[in-house]
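Here is the structure we will look at.
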Amino acid sequence: MGIISFVTGGAKELSIARADENKDLWVYKHPDQTIPNGAQLTVDADETALFFRDGQFVGQFAAGAHKLATENVPWLNMLIDKFTGGDRFIAEVFFVNTREHPGIKFGSSVGDVPDPQTGLRVRLMVHGSFSAKVYDPVRFVTGLVGQRRTDNTEFLAWFRSQVAKTIKENIAELVVKKNWPLMKVTSGAYASELEAETIQEVRPHIDPYGVEIIRFGDFSIGMDSKDRDRLDKLIERAAYINMAGGMHGYQQFAQAEMMMGAGEGMKRHGGGAAGNAMAGAGIGLGFGMANQMMGGMTQPQQPAGQKQPPVNSPIQSQIGQAAKITCGSCRQQVNPGKFCAECGKPLAPSGGPQYCTNCGNPVSGKFCGECGTAVPG
């Protein structure tokens, strides 16, 4: 909007104001730098008018109607154009909106954050809106907008980038420091704490420009649906892991899950008879390990110092338990074989069949009937 001329009672008067179509702009620069002495300046209740000359701030007007005359405003003498005999002021006039601006949208990726509950790394994203306002118009124009930069879109892009940068640098650190489970973070359980932290952390970045964030209207942290499914399943399994002995149980479960996953993958993608056989073995072994881990939950605790009987391997649990024999040297119950699993000596049990130390077949004489190896005396 330029200078408006109109006549009242035969006297020519002039008025300077912000045009209605520019009311929502954070800052509006008056297009005409030549202002007649005695012009009427109208400043709305939610704005401030700033006057500059040769790049230097000269003065400002608060809300209201003001007559631009040197007798009313002494600092206007600094703006007089000497070549017009004092009839004109030369100045750049900026109208700065000082009301609260709501609904400023933002969004950013926080990056990969480790979930304190499971250790799984999950990519978080944040979006929402906030309100802000200019509390120091002079610092706003001189420090950020600049006397040639009146593009509000450019300013808002900068503002959003500062908020996104602060969130990316501080939110992940806050989540880890507070040990907040990511499922609760994304459900909004800590929204108020995250909002307060963001406002506090972004303040040093924007304060030099006379701007402040008032409040967040929306502050949502989310994750990819695939990450959510993975995390949800892992949390569900964590309950069984805790019941099965903490980290040791977790490692067993993870191995079982890996084997079952590999078996399922081989079944889905084919691979012939051999592939199907290996798939079945992987699934069976996975279930065997999982069952073994869960079975440990129901076994009675042994008194201190009492040795527990040997535990079958996962494969044995699938094909049936092998018969135990008694070692002739240490008298421990062990699986059949060439050597005792407890003392390492050749197996020569009493009260049962003797086994060849070379081929493992039962023998009844001094030499093995299968390979001819002499049986220890």
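Scanning the stretch 157-170 for any residue that is assigned to a loop (DSSP other than H, G, I, E, B), more than 20 Å from residue 104 (Cα to Cα) and in contact (Cβ under 8 Å) with a residue 24 or more places away in the chain turns up nothing. Within the stretch 40-68, being out of contact with any Asp or Glu (no Cβ under 8 Å at 6 or more places or on another chain) and under 12 Å from residue 15 (Cβ atoms) holds for 41, 42, 43, 65, 66, 67, 68.
Residue 53 meets the conditions (1) in contact with a Phe, Trp or Tyr (Cβ under 8 Å, 6 or more places away or on another chain); (2) farther than 30 Å from residue 100 by Cβ in every case but one. The failed one is (1). Considering 188, 222, the condition of being among the small types (Gly, Ala, Ser), farther than 30 Å from residue 93 by Cβ and in a strand (DSSP E or B) is satisfied by 222 alone.
Just so you know, in the stretch 59-79 the residues that are surrounded by fewer than 18 Cβ atoms within 10 Å (Cβ to Cβ), out of contact with any His (no Cβ under 9 Å at 6 or more places or on another chain) and of a type in the set (A, V, I, L, M) include one that is nearest to residue 17 (Cα to Cα), and it is 65.
Residue check: is residue 175 of a type outside the set (S, T, N, Q), within 11 Å of the chain's Cα centre (by Cα) and in a helix (DSSP H, G or I)? Spelling it out, residue 175 is indeed of a type outside the set (S, T, N, Q), within 11 Å of the chain's Cα centre (by Cα) and in a helix (DSSP H, G or I). Just one of the numbered conditions (1) among the small types (Gly, Ala, Ser); (2) surrounded by fewer than 17 Cβ atoms within 10 Å (Cβ to Cβ); (3) in a strand (DSSP E or B) is not true of residue 45; which one? Here residue 45 meets the rest and fails (3). Looking across the stretch 94-121, the residues that are modelled with pLDDT under 90 and surrounded by 18 or more Cβ atoms within 10 Å (Cβ to Cβ) come down to 106, 108, 110, 113, 115, 118.
Of all residues in the stretch 182-200, count the ones that are more than 22 Å from residue 213 (Cα to Cα) and in contact with a helix residue (DSSP H, G or I) (Cβ under 8 Å, 6 or more places away or on another chain). The total comes to 4. Of the residues examined, residue 54 is not one that is surrounded by fewer than 19 Cβ atoms within 10 Å (Cβ to Cβ), acidic (Asp, Glu), modelled with pLDDT of 90 or more and over 18 Å from residue 210 (Cβ atoms). Can we say residue 113 is on the phi < 0 side of the Ramachandran plot and in contact with a Leu (Cβ under 6 Å, 6 or more places away or on another chain)? It is true that residue 113 is on the phi < 0 side of the Ramachandran plot and in contact with a Leu (Cβ under 6 Å, 6 or more places away or on another chain). Restricting the search to strands (runs of 3 or more DSSP E) fully inside the stretch 62-151 and requiring at least 3 residues that are over 23 Å from residue 33 (Cα atoms) gives 101-114, 121-134.
The values are calculated or read from the model by the stated rules, or taken from the named source; none is laboratory data. Only a predicted model underlies this, so the values are computations on that prediction, with no experimental measurement involved. FYI the Cβ positions are ideal-geometry reconstructions off the backbone, even for glycines, and counts take in every protein chain you see.
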